[in-house]
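Q: I have a structure I would like to understand better, so I am pasting it below and will then ask my questions one at a time.
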Amino acid sequence: MSGEMIIILGVAAYILTIIAIIVALNFLSRKEKNNYHKQIVDLEREKNLIISGSIMSELNKVEPLINNEVMHKKYDSFIDRFNEIKEVDVAKITDELVEIEELYENKDYKALAKKINETELDIYYAKTKSNFLLDEIKEITLSEERNRETITKLKASYREILRKYHDHKNDYSLVSSPIELQFENVDKFFSAFEVSMEKNAYQEVGKIVKAIDDLIGNLKLVIEEAPSIITIGKSIIPKKIEDIKSIALKMEKNGYNLDYLNLDYNITESNKKIADIFQRLNVLNIEDSIFELKTMVDYFDSIYQDFDKERISKKIFEDYSRSILIKLTKLVKINEALIKKLKDIKYSYDLTDEEVLVVYTIKSELDTERKEYDEIIENHRAHKSSYSHLGKEMELLNLKVSKSEEKLDYALRSLGSLKEDELRARDQLDEMKQILNQAKLQMRSFKLPVIPDHYFVELSEATEAIQNLVEELEKVPLSIKALNIRVDTARDLVLKVYNTTKEVVKTAKMAEVTIVYGNRYRPIKEEVNIALTRAEDFFYQGEFKKSLENAIKAINVIEPGIYKKLLSEYQD
């Protein structure tokens with residue numbers, strides 16, 4: 001490609017780039033312009049909505065209602081505020097929109113954006129004033145309809161209250177006077193409502209409607225709750241109080257201490273609270289009355305549960321007071337007897353101070369528990385505590401005594417086992433001597449050509465272990481730990497001798513029988529003859545196991561399978 005062609009292409013690319021930039025800028029400028037135009041149109045529409053036809057319509061409804069100075073002033077205020085919005089706020093916004101149009105035409109977009117924001121705020125402020133004005137006007141124009149609808153509902157509710165009152169008038173005998181006086185007040189307020197409506201005194205009407213609503217609401221609560229308040233406060237609670245007083249008196253005569261219940265104080269406070277509730281009821285104030293009365297009912301119901309708890313606790317206390325005393329007396333007696341023998345036991349069995357300390361610890365615990373028991377009984381006799389408290393103390397004391405009993409039982413078993421260990425060791429000594437004698441007799445019963453050397457070693461060790469055990473048993477004091485070790489050692493060595501004897505004799509017998517059995521095959525095969533001869537040599541050397549193995553292998557040449565048969569018999 002020539003140099004001129006390259007230059008031409010470069011110039012063309014530059015021109016295309018410039019054109020693309022111009023097109024893009026024009027597109028962005030057109031888009032921004034359209035966006036501002038849309039905002040201006042929206043502002044114009046929002047301005048036109050500030051003064052709605054609803055305001056004028058509602059103002060026209062107010063004018064016929066003017067029949068007093070207050071309403072006249074109110075109407076004039078509405079007109080002044082409407083004119084201010086129309087002639088000041090809207091006029092200002094109109095001027096701002098003209099200025100915005102000029103900025104738009106001149107393409108001064110920076111100043112335009114700022115002016116649009118200011119105008120949006122002014123429109124929002126004017127619309128807010130307009131909406132507030134419309135709401136206040138509607139408060140008057142709609143007040144009659146709204147108040148009439150409210151009063152109609154209140155009258156229906158009031159008639160239902162009157163019906164219920166007259167149908168059950170006897171239930172309200174204690175408060176009939178204040179209730180009927182309140183009925184009169186409601187009737188007066190209904191009349192005052194009609195008068196105020198005729199005078200268009202809408203400010204007064206609102207207050208009257210609220211007063212009627214409050215009175216009827218309170219009357220409804222009184223009519224619903226007064227019978228319950230009267231029944232609970234004048235009948236249910238007083239009966240419970242008298243019944244509780246009667247039960248408490250009988251229980252106290254039977255030795256129950258009920259001071260912790262504070263019955264007299266709580267009954268007095270309950271009567272004061274009931275009196276206060278009825279004083280408030282006379283002025284038709286029943287706030288929290290039902291809740292307070294039900295709380296008192298729950299309290300007095302809980303007293304019956306406390307009475308039952310006391311009766312149960314008395315039975316628990318009486319049962320424990322007998323059983324614990326018997327148990328403590330028995331444990332103290334056993335522990336004292338053990339302490340008297342402890343010196344001899346300690347000397348006889350070489351016990352340390354720590355090993356016998358538990359007995360003295362148990363004695364201390366039993367002494368403390370007996371002291372606690374005496375204190376509980378003393379409190380009971382002096383009527384210082386309730387049975388529920390005494391019962392808990394006895395339950396806790398019973399747990400302590402039971403733990404001491406477990407400790408004492410363990411100590412008795414531990415110390416008693418010392419004598420048992422000694423007796424068991426002597427019995428086992430006799431058994432071991434008998435087993436050792438049986439082993440010796442068994443070894444002599446079969447005339448072995450040679451007795452293996454290891455047999456004499458084991459026999460010597462077992463004999464020595466038995467002698468050590470005899471010497472240990474003759475020691476004073478006797479160490480049970482050392483004794484048990486001697487017993488275990490001697491038993492293991494004696495059993496080892498016994499098993500060795502059994503094994504040697506059994507193997508020797510089996511070897512002899514096998515050799516005799518195989519002698520019939522000596523003439524048949526020289527190989528068998530040689531093997532059996534070797535077996536005989538091992539037999540006379542005292543190698544009975546090798547003798548048996550060689551004899552079996554020799555016979556197996558003639559009788560295949562004899563090896564397993566004789567070996568199985570040997571193992572059995």
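Q: Output yes when any residue across segment 89-104 is surrounded by 11 or more Cβ atoms within 10 Å (Cβ to Cβ) and either under 60 Å from the mean Cα position of the chain (by Cα) or modelled with pLDDT under 70 (or both), and no when none is.
A: The answer is no; no qualifying residue exists.
Q: Within segment 438-445, is even one residue modelled with pLDDT of 80 or more, over 60 Å from the mean Cα position of the chain (by Cα) and under 30 Å from Tyr540 (Cα atoms)?
A: Yes, that holds for at least one residue.
Q: So which residues in segment 274-297 are loosely packed, with under 12 Cβ neighbours inside 10 Å and of a type in the set (D, E, K, R)?
A: Glu287, Asp288
Q: Confirm whether Lys315 is modelled with pLDDT of 90 or more, surrounded by 14 or more Cβ atoms within 10 Å (Cβ to Cβ), outside the structural domain of Ile232 (by TED's automatic domain parsing) and in a helix (DSSP H, G or I).
A: no
Q: Collect the residues in segment 244-283 that are touching a residue at least 60 places away in the same chain (Cβ under 8 Å) and either not assigned by TED's automatic domain parsing to the domain that holds Leu221 or not aliphatic (A, V, I, L, M) (or both), keeping them in residue-number order.
A: Correct list: Gly255, Tyr256, Asn257, Asp259, Tyr260, Phe278, Asn282.
Q: Quickly run through segment 169-180 and pick out the residues that are surrounded by 12 or more Cβ atoms within 10 Å (Cβ to Cβ) and either at pLDDT below 85 or over 55 Å from the mean Cα position of the chain (by Cα) (or both).
A: Of everything in segment 169-180, those that are surrounded by 12 or more Cβ atoms within 10 Å (Cβ to Cβ) and either at pLDDT below 85 or over 55 Å from the mean Cα position of the chain (by Cα) (or both) turn out to be Lys169, Asp171, Tyr172, Leu174, Val175, Ser176, Ile179, Glu180.
Q: Kindly check whether there is at least one residue in segment 62-69 that is more than 16 Å from Thr128 (Cα to Cα) and modelled with pLDDT of 65 or more.
A: Checking segment 62-69: at least one residue is more than 16 Å from Thr128 (Cα to Cα) and modelled with pLDDT of 65 or more.
Q: At pLDDT 80 or above, over 17 Å from Asn48 (Cα atoms), surrounded by fewer than 18 Cβ atoms within 10 Å (Cβ to Cβ) and of a type in the set (D, E, K, R) - does that describe any residue in segment 108-115?
A: Yes, segment 108-115 contains a residue that is at pLDDT 80 or above, over 17 Å from Asn48 (Cα atoms), surrounded by fewer than 18 Cβ atoms within 10 Å (Cβ to Cβ) and of a type in the set (D, E, K, R).
Q: When you check Asp243 against the structure, is it under 30 Å from Ser313 (Cβ atoms) and either surrounded by 15 or more Cβ atoms within 10 Å (Cβ to Cβ) or within 55 Å of the chain's Cα centre (by Cα) (or both), yes or no?
A: Spelling it out, Asp243 is indeed under 30 Å from Ser313 (Cβ atoms) and either surrounded by 15 or more Cβ atoms within 10 Å (Cβ to Cβ) or within 55 Å of the chain's Cα centre (by Cα) (or both).
Q: Of the residues in segment 220-253, how many are in contact with a Lys or Arg (Cβ under 9 Å, 6 or more places away or on another chain) and farther than 27 Å from Leu174 by Cβ?
A: Qualifying residue count, segment 220-253: 1.
Q: Please work out which residue is farthest from the chain's Cα centre (by Cα), limiting yourself to segment 542-563 and to residues that are small (Gly, Ala, Ser) and buried (at least 19 other Cβ atoms within 10 Å of the Cβ).
A: The residue in question is Ala554.
Q: (1) touching a Phe, Trp or Tyr at 6+ places or on another chain (Cβ under 7 Å); (2) modelled with pLDDT under 75; (3) not aromatic (Phe, Trp, Tyr): which one isn't true of Leu390, the others all being true?
A: Only one criterion is unmet by Leu390, namely (2).
Q: Select from segment 352-387 the residues that are of a type in the set (Val, Ile, Thr), assigned to a helix (DSSP H, G or I) and farther than 30 Å from Gln305 by Cβ and write down the one among them that is modelled with the highest pLDDT.
A: Once the filter is applied, the top-ranked residue is Thr368.
Q: Scan segment 324-340 and give yes if some residue there is modelled with pLDDT under 65, surrounded by fewer than 18 Cβ atoms within 10 Å (Cβ to Cβ), out of contact with any Asp or Glu (no Cβ under 8 Å at 6 or more places or on another chain) and over 11 Å from Ala411 (Cα atoms), otherwise no.
A: Within segment 324-340, none of the residues are modelled with pLDDT under 65, surrounded by fewer than 18 Cβ atoms within 10 Å (Cβ to Cβ), out of contact with any Asp or Glu (no Cβ under 8 Å at 6 or more places or on another chain) and over 11 Å from Ala411 (Cα atoms).
Q: Further question: Looking at (1) in contact with a helix residue (DSSP H, G or I) (Cβ under 6 Å, 6 or more places away or on another chain); (2) surrounded by fewer than 11 Cβ atoms within 10 Å (Cβ to Cβ), which is the one condition that is false for Phe300?
A: Only one criterion in (1) in contact with a helix residue (DSSP H, G or I) (Cβ under 6 Å, 6 or more places away or on another chain); (2) surrounded by fewer than 11 Cβ atoms within 10 Å (Cβ to Cβ) is unmet by Phe300, namely (2).
Q: For segment 250-275, name all the residues that are under 23 Å from Glu378 (Cα atoms), hydrophobic (A, V, I, L, M, F, W, C) and more than 39 Å from the chain's Cα centre (by Cα).
A: The one that is under 23 Å from Glu378 (Cα atoms), hydrophobic (A, V, I, L, M, F, W, C) and more than 39 Å from the chain's Cα centre (by Cα): Met251.
The values are calculated or read from the model by the stated rules, or taken from the named source; none is laboratory data. The structure displayed is predicted, hence computed values, not measured ones. Reconstructed Cβ throughout: ideal geometry from the backbone, glycine too, with neighbour counts over all protein chains shown.
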